[in-house]
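The values are calculated or read from the model by the stated rules, or taken from the named source; none is laboratory data. From a predicted model like this one, the values you see are computed outputs, not experimental measurements. As a convention, Cβ positions derive from the backbone with ideal geometry for all residues, glycine included, and neighbour counts pool all protein chains shown.
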Amino acid sequence: MTNDTYEPNNETATATSIAAGGTIQNHFMGACGDEDYFMFSATAGVSYIMETTSPLDQFLDLTLALYQGNGMLVDSDDDGGTDFNPSLYWTCQTSGDYYFVIEGFWDDDIGNYSVSVIESSALVKPIVVPEIKRARPEKKIRLSELLFN
């Protein structure tokens, strides 16, 4: 069951269009290898920030990979943002449509997250000290999950 109104968006053909003006979209990462694809138009010489945010209390550690329209990998990020969220800073070399995919770092990552694309003509990437992946706390199990799953 999902509360993500943008599904299905598990491949480039069904990618969710996202404006590069900082609009925030709310999504849900389902378990079992869910991938969420996004598409935006980029202009040569313009810098972009693609980033996610998610509540710390959720079992969610996201990754982000950026692709050209032809499927070639451009760049990727795991924990460049805060609280194990990806934040990719990138300057477009060739105008066109680009795709990025967000997926969980762990197989059982599940939860709500927000995503946005911000553009800037003068972008300077801040220096971020990488966070060390910590062991995941034991996942809480509800009695109803044991009885009905």
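Key figures for this structure:
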quantity	calculated
In segment 60-76, the residues that are free of Cβ contacts under 8 Å to residues at least 24 places away in the same chain and not aliphatic (A, V, I, L, M)	Asn70, Asp75, Ser76
Test for Leu62: is it at pLDDT below 85 and under 24 Å from Gly22 (Cα atoms)	no
Filter result for Thr82 (at negative phi, surrounded by fewer than 18 Cβ atoms within 10 Å (Cβ to Cβ) and touching a residue at least 40 places away in the same chain (Cβ under 8 Å))	no
Unmet criterion (only one of (1) surrounded by fewer than 16 Cβ atoms within 10 Å (Cβ to Cβ); (2) part of a strand (DSSP E or B); (3) of a type in the set (Val, Ile, Thr)) for Ile102	(1)
Scope segment 66-107; condition out of contact with any strand residue (DSSP E or B) (no Cβ under 7 Å at 6 or more places or on another chain) and not aliphatic (A, V, I, L, M); matching residues	Asn70, Gly71, Asp79, Thr82, Asp83, Phe84, Gln93, Thr94, Trp106, Asp107
Residue in segment 24-56 that is modelled with the highest pLDDT, counting only those that are in a loop (DSSP other than H, G, I, E, B) and small (Gly, Ala, Ser)	Ala44
Residue check, Ser17 surrounded by fewer than 17 Cβ atoms within 10 Å (Cβ to Cβ) and under 14 Å from the mean Cα position of the chain (by Cα)	yes
Residue list for segment 31-56, filter: more than 15 Å from Ser120 (Cβ to Cβ) and surrounded by fewer than 19 Cβ atoms within 10 Å (Cβ to Cβ)	Ala31, Cys32, Gly33, Glu35, Met39, Ser41, Thr53, Pro55, Leu56
Tally, over segment 57-89, of residues that are under 15 Å from the mean Cα position of the chain (by Cα), part of a loop (DSSP other than H, G, I, E, B) and among the aliphatic types (A, V, I, L, M)	1
